[in-house]
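One structure is given below, encoded as structure tokens.
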Amino acid sequence: MERSSIAALVSPYRRRPWMTENGAAAPAGGQNGLKGIVAGGITGGIEICITYPTEYVKTHLQLDEKGANKKYNGIFDCVKKTVQQRGFFGLYRGLSVLLYGSIPKSAARFGAFEFLKTHSVDSRGQLSNSGKLLCGLGAGVCEAIVAVTPMETIKVKFINDQRSANPKFKGFAHGVGQIIKSEGITGIYKGLTPTILKQGSNQAIRFFVLESLKDLYKGDDPNKPVPKLVVGVFGAIAGAASVFGNTPLDVVKTRMQGLEASKYKNTAHCAVMILKNEGPAAFYKGTVPRLGRVCLDVAITFMIYDSFMDLFSKVWH
């Protein structure tokens with residue numbers, strides 16, 4: 001038997017080097033996933049500290065109903081009343097909930113995306129359009145189950161509690177304990193279905209748009225570096241696309257996770273009741289503050305994440 005034939009038997013991937021670099025046999029696949037988890041976790045903690053006030057305002061506006069129970073007349077009214085009643089740091093009420101959740105959320109998202117991407121690229125290391133969507137979808141579903149649903153449920157209940165005359169939650173640990181005591185462990189998994197739908201569509205849209213814009217910028221050179229400011233601009237565009245694409249799901253999810261969620265039988269019933277009582281426009285409540293937050297959020301997130309991944313590629317082998 002010729003030496004080349006023996007070599008081919010010993011290493012069946014030798015003639016297909018991309019399989020050792022990017023495919024199922026790749027030893028780097030797990031490393032990329034681990035790097036994504038670490039970089040994503042650091043990114044999530046930094047990002048939420050910067051953008052939380054916009055999340056606070058968005059959630060208050062989405063919980064606000066028509067009629068006698070309406071408390072705010074828009075974004076600035078919500079900010080003004082919050083600062084008047086609780087001071088500037090009132091806009092950071094509930095931050096600890098998101099901080100505890102943002103780190104594992106971002107870690108799960110980017111870790112899953114890197115893992116799925118490693119096993120989905122073609123011979124040139126590129127993702128197809130369907131691959132971008134599916135990897136983003138998988139990342140969104142993963143983060144929804146691992147971190148987003150319990151984090152968002154607790155966050156909404158905390159913010160909802162602050163709207164009452166006599167708030168009953170005294171802190172993160174006390175609040176979570178009270179929720180579990182009164183509703184069981186399923187109490188922090190309210191709205192799982194709309195959250196999976198929201199996060200799955202969110203990340204499918206964001207990663208598809210971002211990766212497509214990166215490919216467009218690189219042109220015929222897949223190794224061409226993309227400046228971090230350009231990544232930030234692409235991230236803002238991807239964030240805006242996701243907002244217009246799935247804000248109705250976000251509104252339904254928020255209502256399903258509020259303290260008055262018991263009046264809804266399920267996700268579909270919640271959507272029907274919102275449409276019946278408040279009209280189609282209610283599905284886009286909080287769009288402006290969400291747009292501001294998400295564009296800033298996604299831009300910052302991808303810039304920080306790309307920076308850490310570039311650093312890890314140099315020092316982590």
- Message: Could you go through region 278-294 and let me know if any residue there is among the hydroxyl-bearing types (Ser, Thr, Tyr), without any contact (Cβ under 8 Å) to a residue 24 or more places away in the chain and open to solvent by 40 Å² or more (accessible area, probe 1.4 Å).
- Response: no
- Task: Only one of these is open to solvent by 20 Å² or more (accessible area, probe 1.4 Å), within 28 Å of Gly111 (Cα to Cα), part of a helix (DSSP H, G or I) and touching a residue at least 40 places away in the same chain (Cβ under 8 Å): Ser212, Ser242. Name it.
- Result: Ser212
- Query: Does Lys314 meet the test of being over 26 Å from Ile75 (Cα atoms), open to solvent by 20 Å² or more (accessible area, probe 1.4 Å), basic (Lys, Arg) and in contact with a Phe, Trp or Tyr (Cβ under 9 Å, 6 or more places away or on another chain)?
  - Reply: no
- List pairs: first in region 72-92 and under 20 Å from Cys49 (Cα atoms), second loosely packed, with under 11 Cβ neighbours inside 10 Å, Cβ under 6 Å, 6+ apart or cross-chain? none
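Just to be sure, is Asn277 part of a helix (DSSP H, G or I), of a type outside the set (A, V, I, L, M), touching a helix residue (DSSP H, G or I) at 6+ places or on another chain (Cβ under 6 Å) and modelled with pLDDT of 85 or more?
No: the conditions fail for Asn277.
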- Among (1) over 22 Å from the mean Cα position of the chain (by Cα); (2) closer than 23 Å to Cys135 by Cβ; (3) not β-branched (Val, Ile, Thr) - the single one Lys198 does not satisfy: (1)
- Item | Boolean, Thr186 is open to solvent by 70 Å² or more (accessible area, probe 1.4 Å) and more than 18 Å from Ala139 (Cβ to Cβ) | yes
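The values are calculated or read from the model by the stated rules, or taken from the named source; none is laboratory data. Since the model is a prediction, treat every value here as computed from it, not as a measurement. For neighbour counting, all protein chains shown are included, and Cβ atoms are generated from backbone atoms with ideal geometry for every residue, glycine included. Quick note on the areas: whole protein, heavy atoms, side chains included, nothing else; ligands and nucleic acids left out. Shrake-Rupley method; radii C 1.70, N 1.55, O 1.52, S 1.80 Å.
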